[in-house]
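Participant: There's a structure below that I have some questions on.
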Amino acid sequence: MRILLLAGASLLAFSTPAFAQKGEDLTATESTETPIDSLVVPEAEAAPAAPASTGDPVLDRLNALEARIRQLEARNAQLEQAAELNEGRLQSVETRAAKAAQFSWAPTIADTTGNFTFKPRGVVEFDAVAFLERKGGYDYNNGTGFRRARIGLEGTALKWWNYRIEVDFAGNAVNLLDAYLQYTKIPKTVITLGQHKAPFGLEANNSDNYNTFLERGMFTNAFGNAGAERRIGISAAYAPQETLNVAVGLFGDNESISRSSGAPVTATPDESRGVNGRATWEPVFDTGKIVHLGVSGYYRTALKSGDVEDAVRLSDRPNIRVDNGNIADSGVITGVESLRYFGAEAAGVFGPLTVAGEAGRIWLDRPSLSDEHFTGYYAYASYFLTGETRPFRGGNFDRVRPFKELGKDGLGAFEVALRYDHLNLENTPALARVGNDATSLTAGLNWYFNPYAKLMFNWVHFWGDNTPLDPIGVDTKGDALATRLHLDF
């Protein structure tokens with residue numbers, strides 16, 4: 001470019017000698033030009049002095065042009081540097097604005113480094129149930145109620161620490177659910193300390209926000225309440241790869257248990273304690289195609305039921321929570337020194353189709369009496385009529401995200417489901433209660449408005465043999481139509 005400018009200047013000088021003879025100063029005539037733009041940039045350096053005259057008009061002209069080119073090059077470099085600086089500042093502002101507050105159903109607030117975050121969380125579930133047919137000695141009640149009414153907060157502190165605290169106000173009572181810290185700096189490992197879910201089965205460790213049916217399987221609740229669910233303790237989860245997860249923990253009791261008041265007359269038994277573990281593996285893990293396998297178990301000792309030492313009680317309702325009547329209830333079984341549980345789980349996702357099932361057995365060790373064991377299982381299948389596929393992450397089902405959200409670009413997602421559920425407590429010792437065998441068949445329809453809100457419908461047909469709410473020998477049967485409006489954030 002400089003060569004072309006010099007050549008053009010030479011030609012101009014030779015073709016207009018009169019102009020060259022006048023020796024006009026080009027730098028002087030151009031000093032009044034308008035700036036290239038009005039952007040605020042670093043102050044430009046002073047223009048270099050005009051080159052000394054050589055006495056040769058043509059050479060002086062060439063020297064002046066060369067000096068002007070150097071000046072323009074310097075100015076161009078300054079403008080490029082200023083543009084880069086402004087772009088970097090703009091990106092920094094945009095990044096800080098994006099990280100400082102992100103809004104979805106609930107805001108997430110963070111510092112620019114991401115070392116500190118804060119997010120409110122909560123769940124609201126409203127149930128309505130009508131029992132269409134009731135046979136037996138117990139009259140299940142129609143009604144409404146809040147299944148969950150939770151509020152809490154979670155976030156990150158000092159980059160490597162996660163925290164969560166959440167309480168539930170359902171049932172006109174206040175219950176502490178989660179209250180824990182997590183340490184995440186160790187590669188592929190998460191250490192959790194506080195009250196949190198103990199490793200158990202697929203349904204129990206899955207978030208309640210992602211349930212396919214209104215309630216989990218009966219044996220999952222009965223055996224989980226005896227030795228899993230939320231308890232105070234410490235656990236470690238290790239994931240050497242995306243498809244393999246192992247978790248183990250040491251746990252005491254839940255914060256809600258009754259404790260000694262200090263007076264010997266009202267002293268309560270020691271808290272129970274034990275170890276829980278779960279391992280999962282997905283031999284097939286691809287978009288829209290997943291095969292999941294898992295095992296879980298626990299061991300607990302120093303058991304109690306209420307204020308009764310060395311005792312346990314197993315029970316559950318017929319997949320409905322508005323009425324508190326149990327369809328299976330072992331009563332208080334005494335003389336139990338320890339509990340042992342083992343369960344197996346399997347699930348498959350094949351496009352819009354999901355199949356899943358679990359089975360488990362619990363053993364009651366009673367050294368001075370006869371040992372007992374109980375079993376339970378469930379199996380279900382679901383299908384998305386709108387084509388979505390159920391996601392999977394970390395050994396558990398994840399949040400369903402409709403292709404088209406209600407009120408935005410479509411009607412949401414629709415899912416149909418069918419489950420068979422069974423809990424067998426027939427070996428209950430005679431001192432507690434003889435009998436107790438419960439079964440249910442549930443058909444479901446789920447309407448996902450968006451990833452955080454859904455409307456669920458369940459038709460539950462249930463029956464039981466020698467159920468606790470009826471006279472011995474009288475069977476319980478019933479049909480219930482239940483619906484739930486769910487919102488979480």
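Participant: Assuming Phe223 fulfils every condition listed in (1) in contact with a Gly (Cβ under 9 Å, 6 or more places away or on another chain); (2) part of a strand (DSSP E or B); (3) hydrophobic (A, V, I, L, M, F, W, C) apart from one, which condition is it?
Facilitator: Failing condition for Phe223: (2).
Participant: With (1) in contact (Cβ under 8 Å) with a residue 40 or more places away in the chain; (2) open to solvent by 30 Å² or more (accessible area, probe 1.4 Å); (3) among the β-branched types (Val, Ile, Thr) as the list, and Ile186 as the residue in question, which single condition is left unmet?
Facilitator: Among (1) in contact (Cβ under 8 Å) with a residue 40 or more places away in the chain; (2) open to solvent by 30 Å² or more (accessible area, probe 1.4 Å); (3) among the β-branched types (Val, Ile, Thr), the lone unmet condition for Ile186 is (1).
Participant: Of all residues in the stretch 287-312, count the ones that are in a strand (DSSP E or B) and free of Cβ contacts under 8 Å to residues at least 40 places away in the same chain.
Facilitator: Adding up the residues that qualify gives 5.
Participant: In addition: Do you know which of the residues in the stretch 107-156 that are aliphatic (A, V, I, L, M) and without any contact (Cβ under 8 Å) to a residue 60 or more places away in the chain is farthest from Asp465 (Cα to Cα)?
Facilitator: Here the answer is Ala110.
Participant: Go through (1) farther than 25 Å from Ala438 by Cα; (2) charged (D, E, K, R); (3) in a helix (DSSP H, G or I) for Lys159 and report which single condition fails.
Facilitator: (3)
Participant: Could you count how many residues in the stretch 436-459 are buried (at least 20 other Cβ atoms within 10 Å of the Cβ) and modelled with pLDDT under 95?
Facilitator: Qualifying residue count for the region: 2.
Participant: Does Ala279 qualify as being free of Cβ contacts under 8 Å to residues at least 60 places away in the same chain, open to solvent by less than 20 Å² (accessible area, probe 1.4 Å) and farther than 30 Å from Thr144 by Cα?
Facilitator: no
Participant: Condition test on Thr156, is it surrounded by fewer than 16 Cβ atoms within 10 Å (Cβ to Cβ) and hydroxyl-bearing (Ser, Thr, Tyr)?
Facilitator: It is false that Thr156 is surrounded by fewer than 16 Cβ atoms within 10 Å (Cβ to Cβ) and hydroxyl-bearing (Ser, Thr, Tyr).
Participant: Further question: Which of the residues spanning the stretch 316-342 are surrounded by fewer than 24 Cβ atoms within 10 Å (Cβ to Cβ), under 14 Å from Tyr140 (Cα atoms) and not β-branched (Val, Ile, Thr)?
Facilitator: Once the filter is applied, which keeps residues that are surrounded by fewer than 24 Cβ atoms within 10 Å (Cβ to Cβ), under 14 Å from Tyr140 (Cα atoms) and not β-branched (Val, Ile, Thr), the stretch 316-342 yields Arg317, Arg321, Asp323, Asn324, Gly325, Asn326.
Participant: While we're here: Six or more apart or on different chains, Cβ atoms under 7 Å: show the pairs whose first residue is in the stretch 316-336 and touching a residue at least 12 places away in the same chain (Cβ under 8 Å) and under 20 Å from His422 (Cβ atoms) and whose second is among the aromatic types (Phe, Trp, Tyr) and in a strand (DSSP E or B).
Facilitator: Pro318/Phe462; Asn319/Phe462; Ile327/Phe462
Participant: Specify the residue that is least open to solvent (accessible area, probe 1.4 Å); the eligible residues are those in the stretch 111-152 that are more than 22 Å from the chain's Cα centre (by Cα) and charged (D, E, K, R).
Facilitator: Asp127
Participant: Using the structure shown, decide if Ala247 is crowded, with 23+ Cβ neighbours inside 10 Å, of a type in the set (A, V, I, L, M, F, W, C), at pLDDT 95 or above and under 30 Å from His486 (Cα atoms).
Facilitator: Yes: the conditions hold for Ala247.
Participant: Okay, moving on. Looking at (1) open to solvent by less than 20 Å² (accessible area, probe 1.4 Å); (2) under 23 Å from Leu425 (Cβ atoms); (3) part of a loop (DSSP other than H, G, I, E, B); (4) at pLDDT 95 or above, find the lone condition where Thr212 falls short.
Facilitator: (2)
Participant: Out of all the residues in the stretch 371-386, is one or more of a type outside the set (A, V, I, L, M, F, W, C), modelled with pLDDT of 95 or more and farther than 21 Å from Gly217 by Cβ?
Facilitator: Yes, that holds for at least one residue.
Participant: Hey, another quick one. Is at least one residue of the stretch 88-105 open to solvent by 70 Å² or more (accessible area, probe 1.4 Å), modelled with pLDDT under 75 and assigned to a strand (DSSP E or B)?
Facilitator: Scanning the stretch 88-105 turns up at least one residue that is open to solvent by 70 Å² or more (accessible area, probe 1.4 Å), modelled with pLDDT under 75 and assigned to a strand (DSSP E or B).
Participant: To continue, here is another question. So for the stretch 112-123 (the condition being more than 28 Å from Lys159 (Cβ to Cβ) and either among the polar types (S, T, N, Q) or modelled with pLDDT under 75 (or both)), does at least one residue qualify?
Facilitator: no
Participant: Residues in the stretch 115-146 that are of a type in the set (Phe, Trp, Tyr) and not in a strand (DSSP E or B): how many?
Facilitator: Within the stretch 115-146, residues that are of a type in the set (Phe, Trp, Tyr) and not in a strand (DSSP E or B) number 3.
Participant: Looking for whichever is under 32 Å from the mean Cα position of the chain (by Cα) and not hydrophobic (A, V, I, L, M, F, W, C) here; the options are Gly331, Gly306, Gly357. Which one fits?
Facilitator: After ruling out the rest, the residue left standing is Gly357.
Participant: Moving to a separate point now. Tell me whether the stretch 189-206 contains one or more residues that are in a loop (DSSP other than H, G, I, E, B) and open to solvent by 20 Å² or more (accessible area, probe 1.4 Å).
Facilitator: Scanning the stretch 189-206, I find no residue that is in a loop (DSSP other than H, G, I, E, B) and open to solvent by 20 Å² or more (accessible area, probe 1.4 Å), so the answer is no.
Participant: For Leu193, indicate whether it is farther than 30 Å from Tyr377 by Cα and either in contact (Cβ under 8 Å) with a residue 40 or more places away in the chain or in contact with a helix residue (DSSP H, G or I) (Cβ under 7 Å, 6 or more places away or on another chain) (or both).
Facilitator: Yes; evaluated as a whole, the condition is true for this residue.
Participant: Right, here's the next one. Do we find that Ala417 is open to solvent by less than 40 Å² (accessible area, probe 1.4 Å), outside any loop (DSSP other than H, G, I, E, B), under 27 Å from Gly294 (Cβ atoms) and at pLDDT below 95 in this structure?
Facilitator: So Ala417 does not fit the description; no.
Participant: Quick one: which residue in Asp307, Asp316, Asp270 is acidic (Asp, Glu) and modelled with pLDDT of 90 or more?
Facilitator: Just one listed residue meets the conditions, Asp316.
The values are calculated or read from the model by the stated rules, or taken from the named source; none is laboratory data. Quick caveat: nothing in here was measured; it's all calculated off a predicted structure. Quick reminder, even Gly has a Cβ in these numbers, built from the backbone with ideal geometry, and neighbours come from all protein chains shown. SASA here: full protein model, heavy atoms, side chains in, ligands and nucleic acids out. Shrake-Rupley method; radii C 1.70, N 1.55, O 1.52, S 1.80 Å.
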